[in-house]
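Working notes for the structure below.
The values are calculated or read from the model by the stated rules, or taken from the named source; none is laboratory data. Just so we're clear, the structure is a prediction, and the values are computed from it rather than from any experiment. Using ideal geometry, Cβ is built from the backbone for each residue, glycine included, and neighbour counts are taken over all protein chains shown.
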Amino acid sequence: MKPVNLGGTQFQQNVNKTSIICIGVGIVLAIAGMAMNQASILPAYLVGAMYVIGISVTALFFSALQFLVRAGWSASIRRIPEMLGWFAQFALIILLPILIFRNSFYHGIENIPSKAPYTNTPFFIARVIGYCLFWFWMHRYIIGNSIKQDSMPGDYAPTLKNYKRSAPFVLGYALTITFAAFDLMMALEPHWFSTIFGLYYFAGNFVSTISVITLLFISVYNSGELKGFISKEHMHDLGKLMFAFTIFWTYIHFSQYFLIWYSNLPEETFYYIDRTKNGWEILGWASLFIHFIVPFILLLRQDVKRNFTIVKAAAIIILIAHFIDLSWIIIPGYREHGIEHFDIIALMSAGGMVLFFMGLLLFFTAKRMNSISGIAHNDPFLQESIDLIS
Amino acid sequence: MSVENVTQTGQGSSQEHLTSASYQNNPYPVPDSQREPLVLGNPSIHDVTEKIAGIIEGKANAKYWVAVLICASIAGIGFAAIGETVTTGIGVWGSNNTIGWAWDITNFVFWIGIGHAGTLISAILYLFRQKWRTAINRSAEAMTIFAVLCAGIFPVIHTGRPWFAYWLTPYPNQMQLWVNFRSPLVWDVFAVTTYLTVSALFWFIGLVPDLATIRNYVKGKTAKSLYTFFSFGWTGSMRAWHHYEIAYLILAGLSTPLVISVHTIVSMDFATSVLPGWHTTIFPPYFVAGAIFSGFAMVMTLLVIAREILGLKDYITLKHLENMNKIILATGMMVGYAYSMEFFIAWYSGNEYERTVFINRAFGEYWWAYWSMLSCNVLSPQIYWFKKARRNIPLMFVISIFVNIGMWFERFTIISTSLHHDFLPSSWSYYTPTMVEVGIFVGTIGLFLTLFLLFSKYLPVIAISEIKGIMPGSQPVHHHDEEHHH
């Protein structure tokens, strides 16, 4: 089977155009917001970084997961996450300012002697570099083998390698994303702790990644570039995953909130108290509403998962919700450093940074289309995927 | 039948709406190891009926009845121990002021957890279109129901006066007494009874077409009239199948949140408290993963034996067992993740009580329970990283027993270690079960096995209609070389 080159296609141009718009609008919003309220620089940067790193790394996980479970349905759409995952290699560059200005980003985390063996700066820097190197390696290995398969028709050695090694990579992903959540977000509240926090970050990332994949899928479907390979059936399956994992996110979020609320221990409750006063409750309610209720109602029925408009709307809403959710976690963490009350300017800066970084992600995704095939055209399960009935 | 053809059939692939301009068929077949046939020996549709219905129609040998007798006797021991508890009082148990519940709640959680695999296989794998579930879903669902029945015994007898157990349900009464709606124990009552009801319904709906097959097959008069009654006049018409499929899908959709809610609420029995070691936010998903883990181990224990004795090796193949072992490894890693998070965050929190409880868990008086849990649940499944191990039947039997033991110890560890060192050192205590308690637990194992044995003789152990549905030739398929008809 021949490769499909998406370079120079209408689809690539659309992605490019979107990326330029996102970058442009993002820069304007972020700079304007940061100029109006300088205290918003740090939280906005952190929101943007956590957003884009989460999605691009989880795209790698998505691909690895398909190999791990020998998924047949996804072979013809797997290149979408694999192109998104290219950006995960730049995680260290994005996190570099956070490593350099750690003390400004995370106030007081180092001043707790009982935690110092873990939270001291050298170990922190080593860990974060470790995560980034792992993600770099994961991309090289999993996506590398997937691409290698393109040039080896009939010889499944690269795919079989991925079958064999995807499990340890998924395990590594679970650990790195967990500790990244602890080190880069939970550390904003030096005294707070929650065992589910890593899973919480993962849940938001996973549903958002599926949403980005779905949006790109709809775009490439409409452009007709992958005609004969992809069908509405794939969107139906993506829709099911979106539906399932918005509920999963809600379940994880509920587990954390409810147990803390019910037990009412001051050493934990302050986290939610600070996020449900001074206007921050707006974000909490908004994330409940658009991260759960709206997508749930939108995607519940069977037939709507085959309706492009509704699935697209749900995907966009989930991506906005993920932004609101991360902002809710991160921005109030700076309440003692310039952002005391709910601050629409800070939200604007953060939104600008998210748009900017997502624009970069799309830009590199479009660029990637020049160098790799738009279809994993030698994948053993490609025919199965083409024949999919959802 | 080549592997390639089975692969094609397994997908149920007949697409008019999808015509690939440049791509017709994969010139390179899928690697053999990746899509193994789900039914071996190339049986015909009729052979399947003969095989499964034959188990019911055939006469059970003496060994079977001896096994039933032994299991029922063990169950009898349990009932005797329950009798002792009820007539004498809860004082015959080893619980004390500090450790107010230990054995009973451990066993309750243990049995409830066992049930979860059945629903995962029957509902969640159904929603994920996992066709390999068809050979094992029936027995796993039966197991769910039996396990939930065993689980239900413990909270009821722990009330001390089980004849008042109906007080657990809220109903209007002249004393204006209501259950405490804020207590997770009451949520348990709602969750578990709903779960039992829906699981039984789901199981029964799935049974109806098969019961009709049995109805047509058996010769005895009583048997025929019983199977006729319970197959509800199933005709197998297009219309009947249509309704059936819709009902099945809806029940699968309802069972999925239900099964998660059950173990979520069980976890909240502990996590809503303020006790170090109990109160931690990861408990709900951690308990759900653990429940599925333990349930799969139990399914494995039973099926390894059942496929041998009932001669079902062509239906419950090595492929099925391997898949189950992969799930055991995956869920085992999930509980391992949860153990590590608990331990790490207990340290990271800087909270003295948290740290002490976890160090005490690993190195205190109950160290043996903790390390049994860890080695059985986290270490033993690691062997499943190797394909050879995943397909080694004696080994998987042993590991499944280990996991059963480990998951029992997990609950015991969580419950006892967090309780026995109270905040007040003068009330520190130690718990050892009495013979009566051991008897009740052993009795539930006997009850569980008795019910399973009866099930495997009198009901179709494999979903006949579903297994036929995934066999080659049963779906509209374009074969690109030759036609296969049965």
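Brief remarks on what is shown
- Flag if B:ASN351 is farther than 30 Å from B:ASN137 by Cβ, more than 14 Å from chain A (Cβ to nearest Cβ) and among the polar types (S, T, N, Q): no
- The residues of segment B:39-50 that are touching an Asp or Glu at 6+ places or on another chain (Cβ under 8 Å) and of a type outside the set (A, V, I, L, M), listed by number, are B:GLY41, B:PRO43.
- Residues located in segment A:108-137, provided they are over 15 Å from A:PHE179 (Cβ atoms), more than 14 Å from chain B (Cβ to nearest Cβ) and surrounded by 13 or more Cβ atoms within 10 Å (Cβ to Cβ): A:THR121, A:PHE136, A:TRP137
- Residue check, B:ALA62 over 30 Å from B:MET471 (Cβ atoms), more than 18 Å from the chain's Cα centre (by Cα) and surrounded by fewer than 19 Cβ atoms within 10 Å (Cβ to Cβ): yes
- All helices (runs of 4 or more DSSP H) inside segment A:183-275 with 1 or more residues being of a type in the set (D, E, K, R) and touching a residue at least 24 places away in the same chain (Cβ under 8 Å): A:232-263, A:266-275
- Extreme residue, nearest to the other protein chains (Cβ to nearest Cβ), among residues of segment A:67-85 that are over 18 Å from A:LEU6 (Cβ atoms) and assigned to a helix (DSSP H, G or I): A:LEU68
- From A:GLY338, A:GLY352, A:GLY284, residue being buried (at least 24 other Cβ atoms within 10 Å of the Cβ), away from chain B (no Cβ under 14 Å) and either at pLDDT below 95 or farther than 26 Å from A:VAL69 by Cα (or both): A:GLY352
- Scanning segment A:37-65 for residues that are at pLDDT below 95, among the polar types (S, T, N, Q) and either out of contact with any helix residue (DSSP H, G or I) (no Cβ under 8 Å at 6 or more places or on another chain) or assigned to a helix (DSSP H, G or I) (or both) yields a count of 2.
- Set A:ARG275, A:ARG306: member being at pLDDT 90 or above, over 30 Å from A:MET152 (Cβ atoms) and within 14 Å of chain B (Cβ to nearest Cβ): A:ARG306
- For segment B:393-448, a residue qualifies if it is surrounded by 17 or more Cβ atoms within 10 Å (Cβ to Cβ) and of a type in the set (Gly, Ala, Ser), and the qualifying residues are B:SER400, B:GLY406, B:SER416, B:SER418, B:GLY439, B:GLY443, B:GLY446.
- Checking A:ILE389 against (1) within 14 Å of chain B (Cβ to nearest Cβ); (2) under 30 Å from A:ARG102 (Cα atoms), the condition it does not meet: (2)
- Filter result (within 12 Å of another protein chain (Cβ to nearest Cβ) and of a type in the set (Val, Ile, Thr)) within segment A:237-272: A:ILE247, A:THR250, A:ILE252, A:ILE260, A:THR269
- If you filter segment B:278-303 down to residues that are surrounded by fewer than 24 Cβ atoms within 10 Å (Cβ to Cβ) and in a loop (DSSP other than H, G, I, E, B), you find that the one that is farthest from the other protein chains (Cβ to nearest Cβ) is B:TRP278.
- Single condition B:LYS219 does not satisfy, out of (1) out of contact with any Leu (no Cβ under 7 Å at 6 or more places or on another chain); (2) outside any loop (DSSP other than H, G, I, E, B): (2)
- Top-ranked residue in segment A:216-229 [being buried (at least 19 other Cβ atoms within 10 Å of the Cβ) and out of contact with any Phe, Trp or Tyr (no Cβ under 6 Å at 6 or more places or on another chain); ranked as nearest to the other protein chains (Cβ to nearest Cβ)]: A:PHE229
- Residues in segment A:304-330 that are closer than 30 Å to A:LYS232 by Cα and small (Gly, Ala, Ser): A:ALA313, A:ALA314, A:ALA315, A:ALA321.
- Against the test of being crowded, with 16+ Cβ neighbours inside 10 Å and within 30 Å of A:HIS234 (Cα to Cα), the options A:PHE105, A:PHE61 yield a single qualifying residue, A:PHE61.
- Residue in segment A:155-170 that is surrounded by fewer than 22 Cβ atoms within 10 Å (Cβ to Cβ), touching a helix residue (DSSP H, G or I) at 6+ places or on another chain (Cβ under 6 Å), among the β-branched types (Val, Ile, Thr) and at the interface with another protein chain (Cβ under 10 Å from one of its Cβ atoms) present: yes
- Scan of segment B:236-275 for residues that are buried (at least 20 other Cβ atoms within 10 Å of the Cβ) and more than 23 Å from B:PHE110 (Cβ to Cβ), ordered by number: B:LEU251
- Only a single item in (1) crowded, with 18+ Cβ neighbours inside 10 Å; (2) among the small types (Gly, Ala, Ser); (3) closer than 17 Å to A:HIS236 by Cα is not met by A:GLY333, and it is number (3).
- Residue that is nearest to the chain's Cα centre (by Cα), among those in segment A:64-80 that are over 18 Å from A:ILE386 (Cβ atoms) and buried (at least 24 other Cβ atoms within 10 Å of the Cβ): A:ALA64
- Filtering segment A:86-122 to residues that are free of Cβ contacts under 8 Å to residues at least 24 places away in the same chain, more than 25 Å from A:SER56 (Cβ to Cβ) and in a helix (DSSP H, G or I) leaves A:ASN103, A:GLU110, A:PRO113, A:SER114, A:ALA116, A:PRO117, A:TYR118, A:THR121, A:PRO122.
- Among residues of segment B:208-225 that are more than 13 Å from B:SER465 (Cβ to Cβ), those with a beta-carbon under 6 Å from a residue that is among the β-branched types (Val, Ile, Thr) and at pLDDT below 90 at least six positions away or on a different chain give the pairs B:LYS224/B:VAL218.
- Residue in segment B:159-176 that is within 15 Å of the chain's Cα centre (by Cα), farther than 30 Å from A:TRP261 by Cα and either at pLDDT 90 or above or crowded, with 22+ Cβ neighbours inside 10 Å (or both) present: no
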